[in-house]
Amino acid sequence: MGDTEPGSSTAAQSAPSDPTKSGESHENHNGRNSGGWFSRLFSSFSNTPESSNEPTGPSGPTIVDPPAPVRPGMVNLRRMRVEDVAIPKAEIVAVPTDIKKEDLVQVFRESGMTRLPVYKGTMDSPVGLVHLKDFALEHGFNGKGERFNLKKMLRPLIYAPPSMPIGVLLQKMQSERMHMALVIDEYGGVDGLVTLEDCVEQVIGEIEDEHDIEEDLFWTQTAPGILVAQAKAPLDEFETAIGMRLADEEDDEEIDTLGGLVFLMTGRVPARGEVIEHPSGAQFEIVDADPRRIKRIRVRLPHAVTAKADA
């Protein structure tokens with residue numbers, strides 16, 4: 001969702017002022033700029049020394065424990081780089097400049113994002129981002145209203161190199177009033193995407209919203225007979241949960257996950273929005289996928305499919 005919407009590696013473009021965005025400077029009662037929470041946070045921590053991770057001990061072979069997981073904290077503002085928190089290019093949800101209005105509505109609805117990068121031709125030629133709020137004000141949430149013109153709704157993007165400290169990117173996001181940045185490699189191509197939330201989570205911990213699925217929760221039931229599952233959900237556990245068999249006995253040794261079952265049925269990676277019919281009468285709708293793998297699947301059990309057809 002979330003909202004992903006990239007030039008020289010450190011250059012940033014100005015964006016229209018948006019008072020609804022978090023992280024921007026606020027005016028105090030006397031009209032003076034307060035400098036912003038992120039600026040004060042980063043400057044107050046800039047002189048704190050970092051602890052050394054170098055092993056110490058007598059000369060000779062030394063057994064070094066594996067590094068501990070990175071914990072949230074202000075030290076990460078300088079220690080962590082953009083490449084450490086960015087999502088890879090293959091997982092970016094983006095739209096082309098020539099997308100139709102109805103298709104854009106569908107991408108917003110299925111991805112749960114409020115900001116989407118817009119590209120011309122390929123993802124390596126980004127031209128900006130489109131915000132759901134701008135689209136809804138112009139066309140309504142169902143895509144009706146005035147004549148559709150995506151270029152008029154485009155907002156600029158921030159571009160950042162992989163080596164930039166996340167604290168520097170946070171300050172840039174605050175000053176430019178933007179929530180999203182594209183990571184640019186040495187050749188000017190898009191390498192990943194970072195959101196404001198990705199950076200803040202490294203300081204204060206995980207921020208969960210209504211679109212997040214818990215790491216240890218492989219599926220959730222959204223309605224009677226309808227479940228949204230991660231493609232990596234263990235197939236045997238999912239079959240036990242729904243009380244029906246989905247894989248043939250001869251296929252049991254070949255597939256371990258729900259996504260593997262769908263791939264075996266189609267012989268390819270299905271596209272987002274595609275619906276695959278199972279011989280049992282169940283339906284698998286691809287909620288999220290990229291060209292390389294399936295990510296999330298909406299499963300309609302046979303009685304839910306029948307109820308939908310009768311409605």
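Along the stretch 196-204 the Karplus relation, 6.51 cos²θ - 1.76 cosθ + 1.60 evaluated at θ = phi - 60°, assigns HN-Hα couplings of 4, 4, 4, 6, 5, 4, 6, 9, 10 Hz to successive residues, with x for each Gly and Pro. Across the stretch 219-310, the volume of the C-alpha convex hull divided among the residues equals 89 Å³ per residue.
Near Leu246, no amide H atom lies under 5 Å from its own; only residues 5 or more places off or on other chains count, and H is placed 1.01 Å from N. Close amide H contacts of Thr257 (hydrogens built in the peptide plane, cut-off under 5 Å, sequence separation of 5 or more or a different chain): Leu235. Taking 21 Å as the cut-off for C-alpha to C-alpha distance, list the pairs among Lys89/Lys295; Lys89/Lys133; Lys101/Lys151; Lys101/Lys172; Lys100/Lys120 that go past it. Too far apart for the 21 Å limit: Lys89/Lys133; Lys101/Lys172.
Just so you know, all these numbers are worked out from the coordinates, no wet-lab data involved. Nothing here was measured: the structure is a model prediction, and the numbers come from that model.
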